Every structure is written in structure tokens, then in C-alpha cells.
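Beneath this line is the structure, given in C-alpha cells, with notes to follow.
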Amino acid sequence: YYQVEPVYSEFCSIYQQPQDVIRAGVTEIEELIEPLGLTGRADYIMAVAKHLRKDGSLDRGKLLEVKGLGRYTVNAFLSIHEGERLPIVDGNVIRVFEEELGKAGLSSTDEESWELARKLLPSSRVREYNLGLIDYGAQLYDGNP
């Protein structure tokens with residue numbers, strides 16, 4: 001997880017509370033996460049921060065009720081930030097499934113993909129596993145595994 005971890009660590013050191021994220025604004029968040037190619041997700045980060053400021057709940061069901069947040073975003077947040085044992089599936093993860101498991105034709109919206117991701121989750125260090133999975137998939141995309 002050579003790219004994601006440094007950005008994540010910097011993010012957490014700068015924005016320690018939801019109000020810090022809200023005060024920073026979408027543009028500042030986009031600049032910080034730009035090295036990951038995730039600038040389009042700054043709005044989701046803002047939505048989570050606003051939810052947390054208002055409700056304070058890290059309940060998965062409540063987070064899924066926040067407009068604009070879906071399974072990937074909520075699972076990524078809870079697994080990476082909170083260490084919850086939840087799968088994530090995006091284009092990078094699909095790339096790993098294709099390359100390493102020979103699972104062609106999957107997509108990030110397929111239940112089969114999510115079930116596979118769930119089955120492959122380790123019993124511990126899910127944060128590191130998910131960050132590594134994202135990074136490895138990005139390396140496959142760049143042609144640098």
C-alpha cells in the first residue's frame with residue numbers, strides 16, 4: 001500500500017475531527033487525495049464528515065442512508081478508518097481478481113464480486129489488506145506490479 005497509506009496518514013493528521021474536513025472544503029480535500037486519482041470522491045468524504053458532525057454514528061446502516069454514499073464508500077471508510085472487517089470492491093480490486101484469480105467478467109456492482117471480496121478478507125489487519133488491494137490493483141493498471 002505504497003501510495004494510499006501516506007495520503008491516508010496525512011489526511012488523518014490534518015483532519016482529526018469531522019469539522020476539520022468541513023472547514024477545509026471540497027477543493028482542499030481534492031488536492032490532498034489527488035495523488036490517488038480520487039478527487040471525485042472528495043464530495044463523499046465531505047458527506048461522511050457532515051453526517052458524523054450531525055449524528056456522530058459510525059453505524060454502517062446509518063452511513064448507507066447518507067445521500068451519495070454507497071456500499072463501497074461506506075465499507076472503505078469503516079474498514080480503513082475503523083478497522084471493521086468489511087470488503088471493498090472497485091475497479092482496482094476487480095483488476096486483482098482478474099489478474100490473480102482469473103475471474104474475468106466481474107464488475108464492482110456484481111454480488112459475486114462482493115461475495116468473493118468478503119470470502120478473501122483476512123481475519124485481522126483488514127485495513128492494511130484493503131489498502132494493499134487498492135494499491136496493487138492500481139499498479140496492475142499502471143503496468144507496474
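The values are calculated or read from the model by the stated rules, or taken from the named source; none is laboratory data. Just so it is clear, the structure is predicted and the values come from calculations on it, not from any experiment. Every residue, glycine as well, gets a Cβ built from its backbone with ideal geometry; the counts of neighbours run over all protein chains shown. Each accessible area value is taken on the protein alone, full model and side chains, heavy atoms only, with ligands, DNA and RNA left out. Shrake-Rupley method; radii C 1.70, N 1.55, O 1.52, S 1.80 Å.
Structure values in brief
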| read-out | value |
| --- | --- |
| Checking ARG118 against (1) within 23 Å of GLY137 (Cβ to Cβ); (2) open to solvent by 70 Å² or more (accessible area, probe 1.4 Å); (3) assigned to a helix (DSSP H, G or I); (4) modelled with pLDDT under 95, the condition it does not meet | (4) |
| Flag if LEU133 is among the aliphatic types (A, V, I, L, M), outside any loop (DSSP other than H, G, I, E, B) and under 29 Å from SER57 (Cβ atoms) | yes |
| Residues of the stretch 121-145 classified as among the polar types (S, T, N, Q), open to solvent by 90 Å² or more (accessible area, probe 1.4 Å) and modelled with pLDDT of 90 or more, total | 1 |
| Leading residue by the ranking (most open to solvent (accessible area, probe 1.4 Å)) among those in the stretch 38-75 that are touching a residue at least 12 places away in the same chain (Cβ under 8 Å) and in a loop (DSSP other than H, G, I, E, B) | LYS67 |
| Search result, residues across the stretch 21-36 that are exposed (fewer than 15 other Cβ atoms within 10 Å of the Cβ) and either within 22 Å of LEU86 (Cβ to Cβ) or of a type in the set (Ser, Thr, Tyr) (or both) | THR27 |
